[in-house]
Amino acid sequence: MYSHKHTQALQEQTRLWLMVDKGFPDLKAIEPLRDVLRFHEYRYYVLNEPLIADGEYDRLYKLLEKSEALDPSLITPNSPTQRVAKGLTSTFQTVQHLVPMLSLENSYEATDLLDWDRKARELSGEKTIEYCVEPKFDGASISLLYDQDLFVRGATRGDGVEGEDITVNLRQIRSLPLSAPFSQVGIRQMEIRGEVLMSKAHFRAYNQRLAEQNLPPLANPRNAASGTLRLKDAAEAGKRNLEAFFYHVSFLTLEPGTQTPSRLYTHAESLAWLWEMGFRSPTQEKRVFLGIQAVIDYCLAFEATRDELPYEIDGMVVKVNSVTLQEKLGMTTHHPRWAIAFKFKARQGTSILRQVEFQVGRTGSITPVAKIDPVSIGGVTVSSVSMHNEEFICEKDLRLKDTVLVERAGDVIPYIVKSLAELRTGQEEAILFPSHCPACRTPLVKPAEEAVWRCPSPACPAQVLEGILHFASKDAMDIRGLGEANIRRFHEAGWLTDIPSLYALPYPEMESLEGLGVRSVQNLREAIEKSKQQPLHRLINALGIRYVGETTAKGLARAVPHLLELKDYSIEQLQQIEDVGTKVADSIFRFFHDTNNLQMLEKLEHCGLQLHGQSLPPSDGSLRGKSFLFTGTLQKMKRSAAEAIVEAQGGQLLAGVSSKLNYLVVGEEAGSKLEKARKIPSIHIIDEDTFLQMVGQPG
Ligand code: IVH
């Protein structure tokens, strides 16, 4: 899209604009300023390689806003400011696709692909066919229309013939170009197909937010993406960080006297061309092969790496590469004959719901958990599935002895999609919610504004136990060696009665417990001692204050020099803190006005825990847009601390080596990840010192 020379020129312009900052720019130069901003949007959202800091981008954006406000007649529909949503959508208009959005034929086995290839060869008369293979994105399909270089309309698939006009929401997707230079090659109108996705990381964060509000999670990123596209509040849609990939040019009209660009003669070239026009397309992942066998090999190899991708895919799509041949093969009413989906192993399975266990959470919430006959889903045996709350059971009309469809999307927790009512025999029984706490028999309560039943007793042993489990967990105080089994044993032995009791354990007595020798007790003691040094945001998260997760905890830790100062904050003052809304402020306020909690904090401080804040770098720090993975043993800090720095500075942590990775930080005795990264030239392999320099904390 941008040549090296062009990039340098735009970067030079960026510097000049950054100098204008304070004054008003020359309004005649407003379009070059927009070009500069579009260029940086592209670097950030499409390439994932920003060339300026976020703060610098924001300054230029504000400058553009200011300039456009001076003379609104200068605003163009593809101005970067025009992504901002205004008001709510009442209904989405129905629109007709220029070309019907067909679906794809599915295949599951190598033999299906062999059969399909044979038929395609017979039909076309070709001896061997060239195929292009790419991932099958598991999201919501969309169709975009560009007219005279401008994005004018975007629609859902709908029934394939008509969809819903969701242009306002699609404009929020920052990697989706509001304009593209199609006219340069004589194209007047163009319809492009693609898929909108929510990355696994954003999905997890989104579900986490739902959980913090006691709302049931969504089953998978696909539902999250399609739900977001239909939101009536486009500004809210914009906050959910959707992404889009484009994989098909479905229609174009040309200016008189021009011909279809030759780049569109093959599918693989079309993908590369789309990329150059500014669209994210699977150019890196796609491969072209002659004959079907290599296609099969690639599909199977790709399936093995499926979990390393930052987003979900549910298979591969095999397409005849030559567009002439595609046209020759044509389509049925349902799908093109020139393409087929190769579906990966299903991540759904069916099983029988046998019984329901009611678990007490650390805030007293009662969660019904379905015990199902063990079923293997995507290689993992599932026998327990959360049903979240009573409403979930009622809405899905789940009953004992029902056959249920269970999904386990990627690294997401298992989810009951539905019960298969048509398989009912009449023996099914209603699921009855308990009236008393299963742990302490206190009558349960259901606050009017909530979907969950709760045990209101703070002394409830199940809540105390859950609170301690959370406190010691990896994302909280990260006390190694103090796993669930040990916590349960110490709780049963009466040693763990509340959080501070963790710091007064009778170590000598422990040595006599089965499986806990002198050595492991010593290790445990060291781990517990070490946890006293954990930074304040970890301690805040560990306290399990309702609605306060990792992000809010970081905001709170940045806001106060000492945790106990929060007891003097009013609700209004709390709301001034990053990430704290009304509900969260209310919860924090109540926590710090409960004398038991204050006493607990004083005891913890007395035990030597850190209640003083440490100024964390701002959350929009310098690593934004960069992804990291650590391998081997770091010498100067714990891996978790290094990971925390990446997150605190806005970087992304990846779970595995893939082409999406920017930096592999290598410690001692690094293994297979290093080997794998060496094969991907775009990955920067750096040592711990270089990493520390990057994050401004040299050795
Ligand atoms: S090609 C005529 N390519 O899968 C072109 N579709 O199950 C048809 N999908 O409706 C689409 N990734 O929403 C194509 N790389 C890809 C795809 C892809 C995901 C979706 C698309 C389609 C559905 C069919």
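The values are calculated or read from the model by the stated rules, or taken from the named source; none is laboratory data. Since the structure is predicted, the reported quantities are computational estimates derived from the model, not experimental observations. Quick reminder, even Gly has a Cβ in these numbers, built from the backbone with ideal geometry, and neighbours come from all protein chains shown. Ligands, DNA and RNA are stripped out before the accessible areas are found, and what is left, the full protein with its side chains, is counted by its heavy atoms. Shrake-Rupley method; radii C 1.70, N 1.55, O 1.52, S 1.80 Å.
Here are some notes:
- Full extension of the segment from Ala421 to Leu70, taken as 0.36 nm per residue of separation minus the current Cα-Cα distance, would add 120.2 nm.
- Degrees between helix 292-304 axis and first principal axis of the chain (Cα, 0 to 90, nearest 10): 20
- Distance (nanometres) between label positions extended 7 Å along Cα→Cβ at Arg525 and Gln284: 5.0
- On Cα atoms only, tilt of 54-70 relative to the major axis of the chain in degrees: 60
- Mean residue ellipticity (222 nm) of the chain, computed from DSSP H runs ≥ 4 via -39,500 (n - 2.57), nearest 500: -10000 deg cm²/dmol
- Sequentially through segment 277-282, phi angles give Karplus couplings (6.51, -1.76, 1.60; θ = phi - 60°) of 7, x, 9, 6, 9, x Hz, Gly and Pro residues having no value and appearing as x.
- Relative to one another, the C-alpha centroids of segment 541-582 and segment 380-405 are positioned 35 Å apart.
- Beta bridges per DSSP with both ends in the chain, % antiparallel, nearest 5: 85
- Charged-residue dipole, Cβ positions (Lys, Arg, Asp, Glu), the chain about Cα centre, Debye nearest 20: 340
- Whole-Hz couplings from phi, Karplus 6.51/-1.76/1.60, listed for segment 3-20; x for Gly and Pro: 5, 4, 5, 4, 4, 5, 5, 5, 5, 4, 4, 4, 4, 5, 5, 5, 7, 5
- Protection proxy ranking, peptides 128-141, 88-101, 197-210, average beta carbon neighbours within 10 Å, highest first: 128-141, 197-210, 88-101
- Among Phe592, Asn523, Val560 - extreme Cα towards positive end, dipole of segment 474-599, charges at beta-carbon: Asn523
- Among Pro177, Met190, Ala294 - extreme Cα towards positive end, dipole of the chain, charges at beta-carbon: Ala294
- Fraction of the pair-distance distribution of segment 462-567 above 22 Å, Cα-Cα pairs, percent: 33
- Cα-based shape type of segment 230-292, given that a ≥ b ≥ c are square roots of the gyration tensor eigenvalues and the cut on a/c is 1.5: oblate
- Virtual paramagnetic centre 7 Å along Cα→Cβ of Arg489, amide N under 13 Å, in segment 450-473: none
- Taking 0.36 nm per residue of sequence separation and removing the Cα-Cα distance, the Gln697/Ala459 pair yields an extension gain of 81.3 nm.
- C-alpha long axis of helix 595-606 to longest principal axis of the chain, angle in °: 90
- The shape of segment 205-323 comes out oblate: with a ≥ b ≥ c from the C-alpha gyration tensor, a/c is at least 1.5 while a/b does not beat b/c.
- Within the accessible area of the chain (1.4 Å probe), percent carbon and sulfur: 51
- Trypsin sites (Lys or Arg not before Pro) within segment 300-369, DSSP loop, no more than 16 other Cβ atoms inside 10 Å: Lys345
- Cut-off under 5 Å, modelled amide H: who pairs with Gly158 long-range: Glu164
- Cα gyration tensor shape of segment 505-644, rounded if a/c is under 1.5, else prolate or oblate by comparing a/b with b/c: oblate
- Relative contact order (%) - segment 550-699, alpha-carbon pairs under 8 angstrom, separation at least six: 19
- Considering only Tyr61, Gln208, Gly364, the residue lying farthest towards the positive end of the dipole of the chain is Tyr61, judged by Cα position with unit charges set on Cβ.
- Highest mean packing comes first when the peptides 115-125, 31-41 are listed by Cβ atoms within 10 Å, giving 31-41, 115-125.
- Accessible solvent surface per residue of the chain, calculated while the other protein chains remain in place, 1.4 angstrom probe, Å²: 47
- Were the residues from Ala272 through Leu210 laid out at 0.36 nm apart, the gain over their Cα-Cα distance would be 18.5 nm.
- If only the Cβ of Lys and Arg carry +1 and only the Cβ of Asp and Glu carry -1, the dipole of segment 101-199 around its Cα centre is close to 360 debye.
- For a straight C-alpha distance cut-off of 18 angstrom, the aspartates and glutamates reachable from Lys603 (same-chain residues fewer than eight places away being disregarded) are Asp498, Glu529, Glu565, Asp594.
- If R0 is 22 Å, the Cβ-Cβ spacing of Tyr265 and Arg121 corresponds to a FRET efficiency of close to 0.60.
- 30 Å Cα-Cα threshold exceeded, pairs from Lys66/Lys567; Lys239/Lys660; Lys239/Lys345: Lys66/Lys567; Lys239/Lys345
- Cα-based reach from Lys446 at 23 Å (exclusive), listing lysines while leaving out same-chain residues under 8 positions away: Lys396, Lys583
- Estimated FRET transfer efficiency when R0 is 45 angstrom, pair Lys86-Lys396 (beta carbons, to 0.05): 0.75
- Label-point gap, in nm, between Thr381 and Cys607 - each point 7 angstrom along Cα→Cβ: 3.7
- Partners for Lys638 among lysines (Cα-Cα distance below 16 Å; same-chain residues under 8 apart left out): Lys474, Lys530, Lys532
- Restraint check, Lys343/Lys676; Lys200/Lys401; Lys626/Lys679; Lys626/Lys673; Lys200/Lys232, Cα-Cα greater than 22 Å: Lys343/Lys676; Lys200/Lys401; Lys200/Lys232
- This model, with +1 at the C-beta of Lys and Arg and -1 at the C-beta of Asp and Glu, gives segment 284-440 a dipole about its Cα centre of some 440 debye.
- Between the beta carbons of Glu514 and Ala641, assuming R0 = 51 Å, the FRET efficiency works out to 0.90 to the nearest 0.05.
- Long-range HN-HN contacts of Gly613 with modeled amide H, under 5 Å: His562, Leu563
- When only Cα pairs below 8 angstrom with a gap of at least 6 residues are kept, segment 145-248 shows a relative contact order of 34 percent.
- Average Cα contact separation per residue, the chain, under 8 Å, 6 or more apart, as relative contact order %: 10
- The convex hull drawn around the Cα atoms of the chain, when projected onto a plane and averaged over every direction, covers 36.2 nm².
- Note, ³J(HN,Hα) from phi for segment 549-563, Karplus 6.51, -1.76, 1.60, rounded to Hz, x at Gly and Pro: x, 4, 5, 5, 4, 5, x, 5, 5, 6, 7, 10, x, 9, 4
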